[in-house]
Amino acid sequence: MPDVQRTLVVSLDASGVTDFKPERGLKVAIVGDRNRVISSEKFTLDERGHAEVRVSFTAPPGNVRVLVGPDDADDEEIVGLQTLGVTVSTELLRDEVIKLPPLRITDFYWHHWLRWCRWYTIRGRVVCPDGSPVPGAKVCAFD
C-alpha cells in the first residue's frame, strides 16, 4: 500500500456517563506496528458528551489501533495504560477518509480518567541520622 495521507474520523459519545461534565480533555492516538504512536490529537467533548475528531496520518502497512484516553497521557503512556480502543483493519485503510462508528465512553473509563493523573507537591528535607542535610539527594515518588 503506497504512503498516502489518510484521515480517520473518530466519533465519541459519553452521553450515557453518570454526572457527566466536559471538564476533562481527551486524546485520540493512532498506533501502528510495535506500539508506535503514528499520530495523535487532543480534544474536549461538548456539553452533551459528543465529539468528532479527525486524525491524519500516512497509512502504515497492517492494522492500526485507535486509542482514547486522557489528554495529559504522553504517547508511551496512552499505549500502555487503561484506555478505550478499537482496531482498524488494513481493508478499511484503503480509503482516504475512514469514518468509524461512534465509540461509547462508559462510566468506568470516564471516572477512571478523571482520577488518572493527579499532581501532588511533596515538601520536606532529606537528612542524615544526625540531622544534617544529605548533599545531592534526589527524591522520586511513584503511585
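Tabulated results
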quantity	calculated
Region 30-106 - Kirkwood radius from inverse mean 1/r over Cα pairs (Å)	13.3
Cβ charges +1 (Lys, Arg) and -1 (Asp, Glu), total dipole of the chain, debye	260
Fraction of alpha-carbon pairs over 17 Å apart in the chain - percent	65
Segment residue 100-residue 48, extension gain: residue separation times 0.36 nm, minus the distance between their alpha carbons	16.8 nm
Heavy-atom accessible area per residue - region 62-143, 1.4 Å, Å²	73
Region 51-88-region 1-34 distance, computed between alpha-carbon centres (Å)	7
Highest-first arrangement of 24-36, 88-100, where packing means the average Cβ count within 10 Å	24-36, 88-100
Carbon and sulfur %, accessible surface of the chain computed with the full protein complex present, 1.4 Å	49
Extension gain, residue 75 back to residue 138 (0.36 nm per residue minus Cα-Cα distance, nm)	20.1 nm
Reach of residue 42 by Cα under 27 Å, taken over lysines that are not fewer than 8 positions away in the same chain	21, 27, 99
Amide H within-cut-off set for residue 64, under 5 Å, with H built and near neighbours excluded	88
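The values are calculated or read from the model by the stated rules, or taken from the named source; none is laboratory data. What you see is a predicted model; the values in this text were computed from it and never measured. Because the Cβ atoms are built from the backbone with ideal geometry, glycine has one as well, and the counts that use them run over all protein chains shown. The protein model used for the area step is the full one, side chains on, heavy atoms only, and it has no ligands, DNA or RNA in it. Shrake-Rupley method; radii C 1.70, N 1.55, O 1.52, S 1.80 Å.
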